[in-house]
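A quick write-up on the structure given underneath.
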Amino acid sequence: MQESIDVAVPVSTAYNQWTQFESFPQFMGGVDSITQTSETHTHWVTSIGGVKREFDAEVTEQHPDERVAWKSTDGESHAGVVTFHRLDENTTRLMVQIDWHPETFTEKLGAAVNADAAQVKGDLKRFKEFIEKSGGETGAWRGNVEAPPTGGSPDATPANSTVPDASTNDPDSGGPRVV
């Protein structure tokens with residue numbers, strides 16, 4: 001599924017907020033919590049359609065002010081990418097692509113009637129309200145994660161990727177994400 005939305009903030013503000021995964025429950029329906037376990041790994045707890053799930057996800061590619069891509073590493077099978085497009089100095093278009101595989105009958109029924117697309121559209125609308133009303137991002141992580149080489153081990157850190165210095169909490173230095 002693909003959805004997009006224009007937000008009235010500079011591209012860096014929209015991007016910085018999107019890197020704050022632990023804030024997602026504030027605008028994503030069905031997301032109970034997200035715990036950042038490393039610079040590129042998160043643990044999700046969701047409750048959607050009466051079904052509670054927990055799964056881990058990994059950021060597979062990330063380039064400041066351009067894109068964040070992820071995939072699940074266990075549990076629910078999904079992957080996605082959000083790209084950030086500068087429309088003008090104070091307007092950004094977010095484009096989201098998500099690929100997921102419904103497992104339960106309820107999830108399959110929801111996908112058949114496009115409830116999942118409606119959920120993503122609603123989440124983007126709430127992100128727009130959240131970022132525009134907040135006056136700025138709640139934190140940032142501007143590290144660069146290169147896509148893994150084809151055929152490489154998904155657990156290996158690519159040799160040319162930037163791994164943030166965990167000794168600092170300065171968001172502009174590439175330190176850990178701050179919520």
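The values are calculated or read from the model by the stated rules, or taken from the named source; none is laboratory data. No experiment lies behind these values; they were computed from the predicted model shown. When we count neighbours, we look across all protein chains shown, and the Cβ atoms used for this are built from the backbone with ideal geometry, even at glycine. Side chains included, ligands, DNA and RNA excluded: accessible areas come from the protein's heavy atoms. Shrake-Rupley method; radii C 1.70, N 1.55, O 1.52, S 1.80 Å.
What ranking do 127-135, 21-29 get when scored by the average of other Cβ atoms within 10 Å per residue, highest first?
Values: 127-135: 15.1, 21-29: 17.6.
Packing proxy ranking, top to bottom: 21-29, 127-135.
For D65, enumerate residues with amide H under 5 Å from its amide H, sequence gap 5+ or separate chain, H modeled in the peptide plane.
Answer set, sorted by chain and number: none.
Name the long-range amide H neighbours of I48: under 5 Å, sequence gap of 5 or more, or other chain; modelled H, no Pro or chain starts.
R53
I want to check the label-to-label distance for A118 and T37. Put each point 7 Å from Cα in the C-beta direction and report it in nm to one decimal.
In this crude label model, A118 to T37 measures out at 3.3 nm.
Hey, can you rank 37-46, 11-20 by average C-beta count inside 10 Å, highest first? Show your work: numbers first, answer last.
Working: 37-46: 17.3, 11-20: 22.2.
The densest-packed peptide leads the list: 11-20, 37-46.
In the neighborhood of P10, defined by Cβ-to-Cβ distances under 13 Å, what is the net charge if each Lys or Arg adds +1 and each Asp or Glu adds -1? Before the final figure, lay out each step's value.
Details: positive: R86, R93; negative: D6, D65, D88, E89, E132, E137.
Summing Lys and Arg as +1 and Asp and Glu as -1 gives -4.
When ranked by the protection proxy of mean other Cβ atoms within 10 Å per residue, highest first, what sequence do the peptides 137-146, 48-57 form? Write out the running numbers ahead of the final one.
Values: 137-146: 19.6, 48-57: 14.3.
By packing density, highest mean first, the sequence is 137-146, 48-57.
Would you kindly find the accessible area of V120, with a 1.4 Å probe and non-protein molecules such as ligands, DNA and RNA excluded, rounding to the nearest 10 Å²?
20 Å²
Going by a ≥ b ≥ c, the root eigenvalues of the Cα gyration tensor, does the stretch 1-59 fall in the rounded group (a/c under 1.5), the prolate group (a/b larger than b/c) or the oblate group?
Numbers: a/c = 2.25, a/b = 1.39, b/c = 1.61.
Taking the square roots of the gyration eigenvalues as a ≥ b ≥ c, the stretch 1-59 is oblate.
Modelling each spin label as a point 7 Å along the Cα-to-Cβ direction, I'd like the M1/D65 distance in nm, to one decimal.
3.1 nm
Would you pull out the residues with amide H under 5 Å of H41's amide H, same chain only if 5 or more places away, H placed 1.01 Å from N?
Under 5 Å from the amide H of H41: V59.
Could you size up the charge dipole of the stretch 23-87 around its Cα centre, putting +1 on the beta carbon of Lys and Arg and -1 on that of Asp and Glu, and report it in debye to the nearest 20? Present the calculation step by step, with values, prior to reporting the outcome.
Numbers: 5 positive and 10 negative charges, 48 e Å.
The dipole of the stretch 23-87 has a size of about 240 debye.
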